[in-house]
Amino acid sequence: MQTTYAVVAEGLRKRYRGGQGTTALDGFDLRVPTGTVYGLLGPNGAGKTTAVRSLATLLRFDAGHAEVAGADVARDPELVRERIAVTGQYAAVDELLSGRQNLVLFGRLHRLGVRAARRRADELLEGFGLTGAAARSAKDYSGGMRRRLDLAASMIRRPRVLFLDEPTTGLDPRSRNQVWEAVRGLVTDGTTVLLTTQYLEEADQLATRIAVVDSGRVVAEGTPDELKAAIGADRLEVVLRDAARLAEAAAVVARVVGADPDTDADRRLLRVPVADRIAGLTAVARALQDAGIVIADLGVHRPTLDEVFLNLTRTEARR
């Protein structure tokens, strides 16, 4: 199956035995373009972790077909492992060793010679912005630095595909931004990244394409903008200065845009979908002004990835 995809999954099925049994993957399909960050989103128990573990040869699936980095996952798992790296939610570095010592150790574990391991460690320290902290113990690193060191360790052998599981869980905004920049750098250098994350903003920032997973299968796929557009038009939001005129303003807005707005009396808010964001905003502002209704705030907003997620995944968390 020679394609431009770094990861291909077709009809993967996985059922856990014991008790009544749990179907974790139920016809899971995925195609990850080479040289991109691809986001995998879904509620707890949707099958994300099972899918990643199956694709990374850590778990055998019951049926279906998968290829990663050009190798068949079921028939040639050792070749897959040579071409990939997996970085979990928590840093796997040794806290007692320095940053450089950690990377040299990982290089030696990957069967690099001493000189080659040291040379690769220095390259990675520079590439991930850790040269200045290379001699410090990992226990003294900030959360963002530890995560970048963990990413650097996964790049010792320059994997074709990196499975990245919730890379910024628990990090502050500054550290998250540092990790995001590191991930973008990996893709620039030619690595394909399959990203699972609980932060929808993270997927929006990093991913070229996103698959939404629910009940063991992909229920939607596309660019962030395509997924947002799929659940509805842009929304015009109007905040009034006087809550007492909310009903009157709603009637004016309905007449202008041809749809009844949702209202929130506590926030003095009107919200209504519009087909043309600029024309709709201008027409509503003019009509409310002509009616003598004072606007405190006015804007047009696209659906968020959070709204996409909630709209597409209606099942309750199962774990």
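The values are calculated or read from the model by the stated rules, or taken from the named source; none is laboratory data. None of the values given here were measured: they were computed from a predicted structure. Note that we place each Cβ from the backbone using ideal geometry, even for glycine, and neighbour counts take in every protein chain shown. We work out accessible area using only protein heavy atoms, side chains counted, and drop any ligands, DNA or RNA first. Shrake-Rupley method; radii C 1.70, N 1.55, O 1.52, S 1.80 Å.
Starting from the Cα-Cα distance between T22 and D262, subtract it from 0.36 nm times their residue separation and give me the gain in nm to one decimal. Display every interim value, and only then the final one.
Details: separation 240, 0.36 × 240 = 86.40 nm, distance 4.06 nm.
Computed gain between T22 and D262 is 82.3 nm.
Round to a whole number: what % of the accessible area of segment 146-206 belongs to carbon and sulfur, probe 1.4 Å? Mind showing how you got there, number by number?
Details: 940 of 2400 Å².
Percent of accessible area from carbon and sulfur atoms in segment 146-206: 39.
Between 0 and 90 degrees, rounded to the nearest ten: what's the tilt of helix 173-188 against the longest Cα principal axis of the chain?
Value to nearest ten degrees: 60.
In percent, what relative contact order does segment 34-144 have, based on Cα pairs under 8 Å that are 6 or more apart in sequence? Don't skip to the end; give the middle numbers.
On the way: 90 pairs, mean separation 20.2, N = 111.
In percent, rounded to a whole number, it is 18.
Per residue, how much accessible area does segment 189-263 show when a 1.4 Å probe rolls over the protein heavy atoms, in square angstrom? Walk me through the intermediate numbers first.
Values: 3320 Å² over 75 residues.
Result: 44 Å² of accessible area for each residue.
Please give the helix 143-154 orientation as an angle from the longest Cα principal axis of the chain, in degrees from 0 to 90, rounded to the nearest 10.
That works out to roughly 50 degrees.
Rounded to the nearest 20 debye, what is the charge dipole size of segment 1-107 about its Cα centre when +1 sits on each Lys and Arg Cβ and -1 on each Asp and Glu Cβ?
Values: 12 positive and 11 negative charges, 47 e Å.
Dipole of segment 1-107, to the nearest 20 debye: 220 debye.
Show me, for segment 54-65, the HN-Hα J-couplings you get by feeding each phi into the Karplus relation (A = 6.51, B = -1.76, C = 1.60, θ = phi - 60°), rounded to Hz, glycine and proline as x.
So the Karplus estimates, Gly and Pro as x, are 5, 5, 8, 6, 8, 8, 8, 7, 7, 7, x, 9 Hz.
Angle, helix 114-127 long axis vs. longest principal axis of the chain, Cα atoms, 0 to 90°, nearest 10?
10 degrees
Along the Cα-to-C-beta direction of D189, a point sits 7 Å from the Cα; which residues of segment 113-143 have their amide N less than 15 Å from that point?
117-131
So if I take the centroid of the Cα atoms in segment 235-301 and the same for segment 87-121, what is the distance between those two points in Å?
Each part reduced to its Cα centre gives a spacing of 58 Å.
Mind checking the alpha-carbon convex hull of segment 154-249 and giving the volume per residue in Å³?
Values: hull volume 17.7 nm³, N = 96.
Here the figure is 184 Å³ per residue.
Using modelled amide H (1.01 Å from N, peptide plane; none on Pro or chain starts), what sits under 5 Å from the amide H of V219, excluding residues fewer than 5 places away?
So V219 has HN proximity to V212, V213, D214.
For the chain, taking Cα atoms only, what is the radius of gyration to one decimal and the Dmax to the nearest whole Å?
24.4, 79
Work out, step by step, the length gained on full extension between T131 and D276: first 0.36 nm times the residue separation, then minus their alpha carbon distance; give nm to one decimal.
Working: separation 145, 0.36 × 145 = 52.20 nm, distance 5.04 nm.
Extending this stretch completely gives an extra 47.2 nm.
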